[in-house]
Structures are given as structure tokens and as C-alpha cells.
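Every number here is computed from the coordinates shown, using simple stated rules; none is lab data. Here the structure is a predicted model, which means the values were calculated and not measured. Ideal geometry is used to build each Cβ from the backbone, glycine not excepted, and the neighbour counts take in all protein chains shown.
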Amino acid sequence: MKTRYRLMLAAAVVLVVAMGVGLMGQGTAPVSRGVEQAELVPVPIPSSPETRAVEGARPEPVMPAGEVTPPATVVALGPGDVAPEPEVANPPPQQNDELVPEQPQTAQWKLEKTKHIASVLGRDVERLEREREMAESRGDLERVRQIELLMQRHRGRLVSLGEEIQALSKEAAEEATRQ
């Protein structure tokens, strides 16, 4: 929790410093000229629709004086490069890979899976016990309460998994004798 607040504080400090540097770099704002002093660029306005049709179907874009658009960067294709395909409005649907049929879930497979889940859950309980001891040493009673609740839930799940492992062991033994 504290780490998140420290991160937010650091981000706020960086933002304030960046804004300060940006504002200091601008210096003083230029004095804007009034409407009377502004340069007026004459734009020819056609008087009738016929003259617009004569001039051309597409009007040319008006660029403000002094602004130059940078040229586009074009990179030549080298040997082995593949030209990108042009985008199509409605591309054909892609073919998906075939799904591999699910393997039969035997009692032995379920037993192995359940044992794995129980071992992972057991390691998690051990980790929580260490974390609880650390929280107790720090005096963080709220965190101790949260960890104890998690440990109680995990231990309950371990008990139910133990019962399930016993039942699956019997089932796997019966399945092995049938084969």
C-alpha cells in the first residue's frame, strides 16, 4: 500500500518538475497584435457557382505563410523484404487452427492434478505463515488478521483436497486393476 502511494507521489513530483521546466523554457509570452495590426491574407472568393466549377473540382489546401510540411520518409525495400499487403475494406475471414481433441481424464490423471494443487496450496500456506510472522514483528495487526483469514481458507481447502485425494486414490487403484 505504501509503495503505491510513494509511486504516485514520485509521478506527481516528476509532472510538476516537467511543467515547471516547460513553462520556464517558454520565457515571456509574445505580445499579440491587435486586429488592426494583424496581417490580412487576401483569399479570392468566387462570385458564382459557375466560376467554382471552372476553377477545379478539388480546392487546394490553404497553408499558412511560413509553415512547411516535412516530406514523408520513404525507405526502399531491400532484398528479402516483403511488401505489405494493402488493407481491404472487408477482408475474408481467417481460418482457425484445428482444435486438438481433449484427452480422456482418467482417475489417475485427476489424482495427479489434485496432488499438484494440494502441494501448491501447501506451499502457499507456508508462505502465508512466514508473512504473518513478519507482520506480527512489524506490529501490523490488520495485515495479521487478513493473513490468518487467508490461511484458514487455504487450510479448509487442503482438508477437502485431502479427502478428494483419498477418494481418487481408490478410484485410480480400481481403474488400474481393470486394465
Response to the item:
With 0.36 nm assigned to each residue of separation and the Cα-Cα distance removed, Glu112 to Leu150 gains 11.2 nm
Worksheet item: With +1 on each Lys and Arg Cβ and -1 on each Asp and Glu Cβ, how big is the dipole of region 107-178 about its Cα centre, in debye rounded to the nearest 20?
Response: 100 debye
Item to complete: Could you name the lysines whose alpha carbon sits less than 29 Å from that of Lys170, not counting residues in the same chain fewer than 8 places away?
Response: Lys110, Lys113, Lys115
